[in-house]
Amino acid sequence: MTATAERARNRLVHELTGHGWLTEAWRTAFAAVPRHLFLTRFFRQTPDRSRYEAVDVNDLGALELIYSDRVLPTQLDGDDARWDESRHHGPLAGVPTCSSTQPALMAVMLDALDVADGHRVLEVGTGTGYNAALLAHRLGSPLVTTVDIDAGLVRRARQSLTSVGYAPTVAATDGEAGYPGNAPYDRIIAACSVPQVPTGWLAQSRPGGVILTSLHREIGGGLLLRLTVDETGTASGHLLDDYGSFMPLRSCPTVRTSALVRAASQATGDRHKTHLPGPLADDGEAWTALVALLLPDVARLDLGRPEGPVQWLVHPDGSWAYHDISTQTVEQGGPRRLWTEVEDLYSRWTAHGKPSRSHIGVTITPAGQQVWLNDPTEIIG
């Protein structure tokens, strides 16, 4: 398998490099670290995407999957036994709770992290340990710390790291608290999403340190945020142009979208025609990213109907909006007018010259968070 795996790995490196996702600074690490040794078992979706099938690294076609540019779930429903269940009884339904990140996204984020020799790095969300291995190859194991709340995942990741000769600090702990034992860090990178940047990460960063994380939003958005921390503990930065989505931190609260939609569907509200160019979507558009950033507790549900698609926005306070995409008609009710808020943000983004995602910025201070467009003085929320 070694020669076959090496050829597959080289093909992936060539593909990532050709698309411009993998820079020279990380090419050596991706070429050296064997992803298949961190993905000895995983899941693939059935063709209709309704269930998950267990795959072993020795299965026919497994290496092709492992060294393709795709996300590969490694755990369902927080239960490692589900892989064995699928292995013995066939594909099953479930919710992925751990995965190996798409290699292109890993390459983009590692490049944006901008590490240098001697930098001490904290990774939140160990998962399989593959990303920690890339960091350890680049910086050396003593400078890398990786944490995950799932003790079983941590145990297997540590074994995999050891098997390929890496020995970073690997700890089972809630990543929201960081890892004070090896602080301060020059870089913090999260392979999970958080509703807001934890204060512990700010406190454990050196002045000039960088935090790179994905912000969790039920509405979507794919928000990758890069912050630089100053000597006062204030952090400021901007979204990356690239879209990136991760599983939320397990302690992250979630919105009961379906239940809220069911309740809202029994209500009536105000109607109007919307002037927006289309529905909210996870399409990488800058204005949808701005909406996701500034409406953190709003959830979205898209539904297909024979007469045309519709989109719901809901909030735990009972606010709701129903967008008939075909007719561009919106009905909304509850304490807030959610779609009107979306329209207002679109208008303000347009008035600022429709800046790209990388011109949408965030500043975090002890007093709270500010969102700005183009320049930190142009505060929008």
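The values are calculated or read from the model by the stated rules, or taken from the named source; none is laboratory data. Just so it is clear, the model here is predicted, and its values are computed rather than measured. Glycine also receives a Cβ, built like all others from the backbone with ideal geometry; neighbour counts cover every protein chain displayed.
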task = Please work out which residue is nearest to G94 (Cα to Cα), limiting yourself to the stretch 57-83 and to residues that are in contact with a Gly (Cβ under 9 Å, 6 or more places away or on another chain) and acidic (D, E).
result = D77
query = Given the residues G209, G221, G181, G165, which is the only one that is at pLDDT 95 or above, assigned to a loop (DSSP other than H, G, I, E, B) and in the same structural domain as T145 (by TED's automatic domain parsing)?
reply = G165
inquiry  = Given the condition over 21 Å from the mean Cα position of the chain (by Cα) and under 20 Å from Q75 (Cα atoms), answer yes or no: does some residue in the stretch 92-103 qualify?
reply    = yes
task = Filter the stretch 277-300 for residues that are surrounded by fewer than 16 Cβ atoms within 10 Å (Cβ to Cβ) and farther than 18 Å from G244 by Cα and give the result.
result = P277, G278, D297
request  = Could you list all residues from the stretch 272-294 that are among the charged types (D, E, K, R) and in a loop (DSSP other than H, G, I, E, B)?
outcome  = D282, D283, E285
note = For the stretch 209-230, the count of residues that are over 17 Å from D111 (Cα atoms), under 10 Å from the mean Cα position of the chain (by Cα) and among the aliphatic types (A, V, I, L, M) equals 1
remark   = Note on the stretch 168-178: residues of a type in the set (A, V, I, L, M) and outside any strand (DSSP E or B) are A177
query = Which residues, counting only those in the stretch 308-319, are farther than 17 Å from G220 by Cβ and either among the acidic types (D, E) or assigned to a strand (DSSP E or B) (or both)?
reply = D317
remark   = Filtering the stretch 234-271 down to residues that are more than 28 Å from the chain's Cα centre (by Cα) and in a loop (DSSP other than H, G, I, E, B) yields S265, Q266, A267, T268, G269
inquiry  = Just to verify a result, which residue in the stretch 301-334, among those that are polar (S, T, N, Q) and surrounded by 14 or more Cβ atoms within 10 Å (Cβ to Cβ), is farthest from K273 (Cα to Cα)?
reply    = S319
query = Where in the stretch 329-379 are the strands (runs of 3 or more DSSP E), entirely inside, with at least 2 residues that are within 16 Å of P296 (Cα to Cα) and either outside the structural domain of A299 (by TED's automatic domain parsing) or charged (D, E, K, R) (or both)?
reply = 360-365, 368-373
note = In the stretch 177-202, anything buried (at least 17 other Cβ atoms within 10 Å of the Cβ), touching a residue at least 40 places away in the same chain (Cβ under 8 Å) and farther than 11 Å from T213 by Cβ is listed as G178, Y179, N182, A183, Y185, D186, R187, L202
